[in-house]
Amino acid sequence: MPPLSWLWVLVMATTFVSAGLLKFKDPGADLLFMLNGANLEWPCISTKNIYVSSGRYIPKHVIATRLQIFKDEAIVLTPRYKPGVPFTLSKMSLKHKDCFATLSPFPCWSLQEEGNCQALQSAVDLFMDPNGILWVLDVGIVNTLVQPIRRCPPKVVGIDVKTGLVVKVIDLSSLVSHISRLQYLAVEYTPDGQVFIYISDAATRAIIVFNVNLGKGFRIVLPAPVLDGCTRLDVLYIALVLKSNGNTVLYFTYLSGTRIFSIKTASLQRGVAKGSIVEVGIKPAKIVVLGTDGGSSIFFRNKGEGDIFMWNTDTCFKPDNFVLVQKGGDCRLATQVVPGFKKLMWVLESNFHDYIQNTVGCVGASVALHPLVKTCD
């Protein structure tokens, strides 16, 4: 199915509904999954009791923030922002509908051991490539919202989701500094079979480029104008887009930045930034980049607001070209939009703002996963 066909169906249905010609059931009504820190899978009750008594499991400190979908399963991140998160990478079924989804450590418990540098410490982003390899960005720092502790060097781990085997581990030590703050990653396969990983380093105004085939990487320092409007180096979003003309382009912007920029990945791979970075447009507000449709469109929302918009990057970056694809609610805000199960676009949303302020209940943050559905008033 072409990346935008789902939107065409929803737009057409909305048109007929507004005209009084068609009524339909919300296609996402039976596909709402609730997640929280109380519904985790344990090898046995004694293991759970040990984790509870030792402080390694505190349900309200668990929050799902990012995910990727493979067939009928979602691979979910639960970063170790606070102590008491037993595993940082998990999976859940999208086939079985319960009141609350159960998160199981992925691919296994042994890869979740805090303090073991062969395992994951705190995964903050992930990317599923076309060959079923899940690339996970592990910053190596735990308790980042309380009292940060560097357990291990940052790394990217490649996991074959079909077998659960770790197929690649990339140590990023030589590509970061002591102030680096790695946030997002994207992965691209070139026509000649090379695999490139792109990682945003917000604290140093840089993008890390790593050629997996050669085992080598480098940093590209972004030009000063990307900081226009920033009082601090907050969040550096990146979004990998496949344009209709066949070019692959990386879009990037700081949360507080006034503008959005892009660069063709062919230039990134050569380490050529000067003259290659394009100013795409001025942002009407601070935007949170949520993801792409796997093609030319980027999803985003305004900071602090729930409405989700889609922008086709083949058009100019201006409000006239922003399509409202979901009205926001009062309690939760989206943290990611991804394509996947049943050829739908999926939204992960939570009350992350309450989590940061430590005002969630004993079972943790309110997190929901559901299809992106265009609604009409």
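Every number in this text was worked out from the coordinates using simple rules, so none of it is lab data. For clarity, every value in this text was computed on a predicted model and none was experimentally measured. Here the Cβ is made from the backbone with ideal geometry for all residues, glycine too, and neighbour counts use every protein chain on show.
Figures for the structure shown
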quantity	calculated
Taking the range 99-220 and dividing mean pair separation by its residue count, relative contact order in percent (alpha carbons under 8 Å, at least six apart)	16 percent
Computed over the chain: relative contact order in percent, which uses C-alpha pairs under 8 Å that are six or more apart	14 percent
At q = 0.15, 0.19 Å⁻¹, base-10 log of I(q)/I(0) for the range 236-377 (Debye sum, equal scatterers on each alpha carbon)	-0.79, -1.16
Protection proxy ranking, peptides 94-103, 301-310, 201-210, average beta carbon neighbours within 10 Å, highest first	201-210, 301-310, 94-103
Burial ordering of Ser297, Ser46, fewest other beta-carbon atoms within 10 Å first	Ser46, Ser297
Which listed pairs, of Lys264/Lys286; Lys91/Lys303; Lys60/Lys82; Lys286/Lys318, have C-alpha distances above 18 Å, in listed order	Lys264/Lys286; Lys91/Lys303
Sorted by Cβ neighbour density within 10 Å, fewest at the top, the residues Trp42, Trp346	Trp42, Trp346
Residues in the range 196-237 that a label on Lys274 would reach, taking backbone N under 15 Å of a point 7 Å out along Cα→Cβ	220-224
Shape call, the range 40-198: gyration tensor on alpha carbons, a/c limit 1.5	oblate
Value of relative contact order over the range 17-160, rounded to a whole percent, pairs C-alpha under 8 Å and six or more apart	18 percent
Distance in nm between pseudo-label sites at Tyr189 and Ala224 (7 Å out along the Cβ direction from Cα)	4.2 nm
Per-pair calculated FRET efficiency, R0 = 30 Å: Lys342 and Asn247 via Cβ, rounded to 0.05	0.55
12 Å beta-carbon shell around Glu279, net charge (K/R +1, D/E -1)	+1
Whole-Å distance, taken between Cα centres, linking the range 148-205 and the range 119-140	7 Å
The chain, helix-only ellipticity at 222 nm - DSSP H runs n ≥ 4, -39,500 (n - 2.57), divided by all residues, nearest 500	-2500 deg cm²/dmol
Gained length - Asp320 relative to Lys303, 0.36 nm times residue gap less alpha-carbon distance	4.2 nm
Cβ-derived FRET efficiency at R0 30 Å, Ile179 paired with Thr47, nearest 0.05	0.20
Cys117 versus Lys97: modelled label distance in nm, points set 7 Å from Cα along the beta carbon direction	4.8 nm
For the chain, convex hull volume per residue from C-alpha positions, Å³	144 Å³
Residue with peak Gaussian network fluctuation, the chain [Cα springs, cutoff 10 Å], from Val176, Val136, Val167	Val167
Residues of the range 80-117 with amide N under 17 Å of a point placed 7 Å along Cα→Cβ from Arg56	80-90, 104-117
Whole-number D in µm²/s for the range 134-266 (Stokes-Einstein; Kirkwood sum over Cα pairs; 10 °C, 1.306 mPa s)	100 µm²/s
Student exercise, the range 127-268 dipole from Lys, Arg, Asp, Glu Cβ charges, in Debye to nearest 20	220 debye
Residue order, fewest to most surrounding Cβ atoms within 10 angstrom, among Cys108, Cys152	Cys108, Cys152
Unit charges at the beta carbon, dipole of the chain: most positive-side option, Cys108, Phe218, Ile69	Phe218
Tail beyond 21 Å, pair distance distribution of the range 210-292 (Cα, percent)	32 percent
Under 13 Å, Cβ to Cβ, from Gln183 - net charge with Lys/Arg +1 and Asp/Glu -1	-1
Gain upon complete extension [Met34, Val167; 0.36 nm per residue less C-alpha separation]	44.8 nm
³J(HN,Hα) computed for each position of the range 171-182 - Karplus, 6.51 cos²θ - 1.76 cosθ + 1.60, integer Hz, glycine/proline x	7, 9, 3, 6, 10, 10, 10, 5, 9, 4, 9, 7
